[in-house]
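See below for the structure under consideration.
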Amino acid sequence: MKHISFNKITIKNFLSIGPDPVHVDFRPGLHIITGVNKDKQDRRNGVGKSTIADAIHFAVFGSTVRELKKENIVNHIIGKGCEVVLEFSINKNDEAVNYKVVRTLEPSRCLLYVNDEDKTRDSIANTTEFICKHLNASQEIFQNCVIMTINNTIPFMGKKKIEKRKFIEGIFNLQIFSQMLSMIRQDYNDVKRDFDIEVARTEEIEGNLKTQNEQKASFINNQKEKLVKYQTRKQNNTAELEQVHTKVFDTTDTKELDSIIETVSTHENHVEACDSKALQINNNISTKTAEVKFKKQLSDKIGTEDDRCPVCLKSISTHDREHIEEEKSSVSSDIHKLESDIEKDRESLSTVNSLKSRLKQVISTQNKLHNDHVLKIKDSENNEKRIAQLEEWNNQLDQDLEKLKVENTQFDDEISKCQARLELLLKSTTDTRHKLTVLDVIKFIVSEEGVKSYIVRKILQLFNSKLSYYLQRMDSNCCCIFNEYFEEEIVNEKGKMCSYYNFSGAERKNIDLACLFAFMDIRRLQGNVSYNFSIYDELLDSSLDERGVDLVVGLLLERVEKYNECIMIISHRKESVKIGTHYKNSGDVIFLEKENGITRRIDFTESVH
């Protein structure tokens, strides 16, 4: 067990205490802190008695119980040089270590000496933390187990539920569980955040994998469709090739075409000859027709003139008339002959035209044969080109079919990678989920319902028994029991459930003191640490009657004897002085005098009192 002994405190320029240091030794016994205020005749208030409690608190934590601002802590008359020196020792495993805390304001400093060796940290805050760590005390515990100031400290029963729980943790040394719970919650939140990220990534990869598989299936279906389409195309091309091959013939043999061309050329020459002949005949017919016309005109004139020669104007003789008749007969014969020749020419023209028509018909037939032959050759050439095209297409289809047979999907590698990542993530997610489960269990274990509740239940019987013991010792008219969540049940003397605030001030004081003594005992047993010192501000000055004062003083004297403690009671009641002088375990009367605003300690004598 760690035993902490407060040895001495020296106070200077602190609150009402002036430049003359006030020394207080923490010797075992029941001590009374009282005094007189000469600045106010016959008054004992405002002397500076509570300053000692504030100074002890200030030395340890750097603040007063009354939570004064620092500028109000320095003695307002002197205005500087505020200094509190607290000396204590820690005995652990029969080895004592001496500590001295020197805390000042104007200037602000906090010095720590361990066995006269300077162990001051790099800052006032760090030095204060170091002191609190070695004293195993927080301000809440210190104010409820070492310094109890009625006017400035809320008693345990008056605290809120959260404040009670925090105080209990300090008393039972359970802060570690709250720290563990905070750390585990942080770990849980971190792991939960990682888990949520992993789940999101898993869903993302699963979605990506599903998409890849769907695209792969679509790709494979497309391949199958392409395979069917390519094969169908090849079958159609092959069937067409077989048909086109039957339509192809040898176009290099041109004898028939040459013969047709020659025949056409010969007949066209004959047509030209017919045209020439027909032209000639038409010319002859025209000439002979003109001659016939002329002859007819001449014949019509012969023998129609007067008996005179139209040329020489001689009279026409009989002989001449005979000659005219002969001439007229000759002209008529010529006309007849010309008309006969014209008729023959017309017959010849008809024959020539008929021959020409037959020749043209032959030419037309031969031209048709020529065109058909040319078209046949052209179709054959087109078919050969079609064959080449179909064969080229089939070759390309053969290449495409080969590619389809050996082509791998471009999704296989990505799917394989996604599956590998998914497996790792699923394993990691499983591990993380297991961590969350473990942290959930641990979180419950260190929570209020977990191990703390278990530990408190184990301690509660002892605590409730001590609380009952102290309530009985103080002749309280109620009993109080706490459950594992430190929710109290108070039953009055009539067996009725009551609230803490149903009781009078004195009755509440009894409950508060009983809780205080029980907590101090439990801390001594459970916390593995004990203090040799406690101070009670105005414990006897309010609420308690004479019987109550005697009972409380009896308990305090019992603690002095049992634990060798230094207990100080701050009081302004005159009759309280006898407590520090008339009992077996009485100690000193620390008598303070305030004059001109300055408090100093003077030796106590009955005359001074």
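Taking the condition part of a helix (DSSP H, G or I), assigned by TED's automatic domain parsing to the domain that holds N126 and either within 25 Å of H134 (Cα to Cα) or within 55 Å of the chain's Cα centre (by Cα) (or both), does A96 pass? Please lay out each step first, then the result.
Details: part of a helix (DSSP H, G or I): no; assigned by TED's automatic domain parsing to the domain that holds N126: yes; either within 25 Å of H134 (Cα to Cα) or within 55 Å of the chain's Cα centre (by Cα) (or both): yes.
Judged against the criteria, A96 is not a match.
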Among the residues of segment 259-305, write down those that are at pLDDT below 85 and farther than 16 Å from S333 by Cα.
G303, T304, E305
Quick check on V47: is it outside any loop (DSSP other than H, G, I, E, B) and of a type in the set (V, I, T)?
no
Restricting attention to segment 231-258, which residues are modelled with pLDDT of 90 or more and of a type in the set (S, T, Y)?
T232, T238
Residue check for L112: assigned to a strand (DSSP E or B), free of Cβ contacts under 8 Å to residues at least 40 places away in the same chain and assigned by TED's automatic domain parsing to the domain that holds H23:
yes
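Among the candidates N395, N367, N382, N353, single out the residue that is assigned to a helix (DSSP H, G or I) and either exposed (fewer than 12 other Cβ atoms within 10 Å of the Cβ) or in contact with a strand residue (DSSP E or B) (Cβ under 8 Å, 6 or more places away or on another chain) (or both).
Numbers: N367 fails: either exposed (fewer than 12 other Cβ atoms within 10 Å of the Cβ) or in contact with a strand residue (DSSP E or B) (Cβ under 8 Å, 6 or more places away or on another chain) (or both); N382 fails: either exposed (fewer than 12 other Cβ atoms within 10 Å of the Cβ) or in contact with a strand residue (DSSP E or B) (Cβ under 8 Å, 6 or more places away or on another chain) (or both); N353 fails: either exposed (fewer than 12 other Cβ atoms within 10 Å of the Cβ) or in contact with a strand residue (DSSP E or B) (Cβ under 8 Å, 6 or more places away or on another chain) (or both).
Among N395, N367, N382, N353, only N395 is assigned to a helix (DSSP H, G or I) and either exposed (fewer than 12 other Cβ atoms within 10 Å of the Cβ) or in contact with a strand residue (DSSP E or B) (Cβ under 8 Å, 6 or more places away or on another chain) (or both).
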Does K226 meet the test of being more than 60 Å from the chain's Cα centre (by Cα), closer than 30 Å to R386 by Cβ and among the basic types (K, R)?
no
Restrict the check to segment 528-535 and report whether at least one residue is of a type outside the set (D, E) and either over 23 Å from G554 (Cα atoms) or assigned to a helix (DSSP H, G or I) (or both).
yes
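I'd like to know if segment 461-479 contains one or more residues that are more than 60 Å from the chain's Cα centre (by Cα), hydrophobic (A, V, I, L, M, F, W, C) and within 22 Å of V60 (Cβ to Cβ). It would help to see each step written out before you state the result.
Restricting attention to segment 461-479, the residues satisfying the condition of being more than 60 Å from the chain's Cα centre (by Cα) are 472-477.
Now restrict to residues that are hydrophobic (A, V, I, L, M, F, W, C): 474.
Narrowing further to those that are within 22 Å of V60 (Cβ to Cβ): none.
Scanning segment 461-479 turns up no residue that is more than 60 Å from the chain's Cα centre (by Cα), hydrophobic (A, V, I, L, M, F, W, C) and within 22 Å of V60 (Cβ to Cβ).
Against the condition more than 23 Å from A96 (Cβ to Cβ), of a type in the set (D, E) and not in a loop (DSSP other than H, G, I, E, B), how does E83 come out, does it pass? Working first, answer last.
Values: more than 23 Å from A96 (Cβ to Cβ): yes; of a type in the set (D, E): yes; not in a loop (DSSP other than H, G, I, E, B): yes.
In short, yes.
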So, I9, is that one crowded, with 20+ Cβ neighbours inside 10 Å, closer than 29 Å to K578 by Cβ, modelled with pLDDT of 90 or more and touching a Lys or Arg at 6+ places or on another chain (Cβ under 8 Å) or not?
no
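Check segment 433-447 and report whether any residue there is under 27 Å from Q143 (Cα atoms) and surrounded by fewer than 18 Cβ atoms within 10 Å (Cβ to Cβ). Steps first, please.
Taking segment 433-447 first, the residues under 27 Å from Q143 (Cα atoms) are 446-447.
Filter once more, keeping what is surrounded by fewer than 18 Cβ atoms within 10 Å (Cβ to Cβ): 447.
Checking segment 433-447: at least one residue is under 27 Å from Q143 (Cα atoms) and surrounded by fewer than 18 Cβ atoms within 10 Å (Cβ to Cβ).
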Identify all residues within segment 491-505 that are within 56 Å of the chain's Cα centre (by Cα), farther than 14 Å from I481 by Cα and surrounded by 13 or more Cβ atoms within 10 Å (Cβ to Cβ); write none if there are none.
N502
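The values are calculated or read from the model by the stated rules, or taken from the named source; none is laboratory data. All values reported here derive from a predicted model rather than from experimental measurement. Quick reminder, even Gly has a Cβ in these numbers, built from the backbone with ideal geometry, and neighbours come from all protein chains shown.
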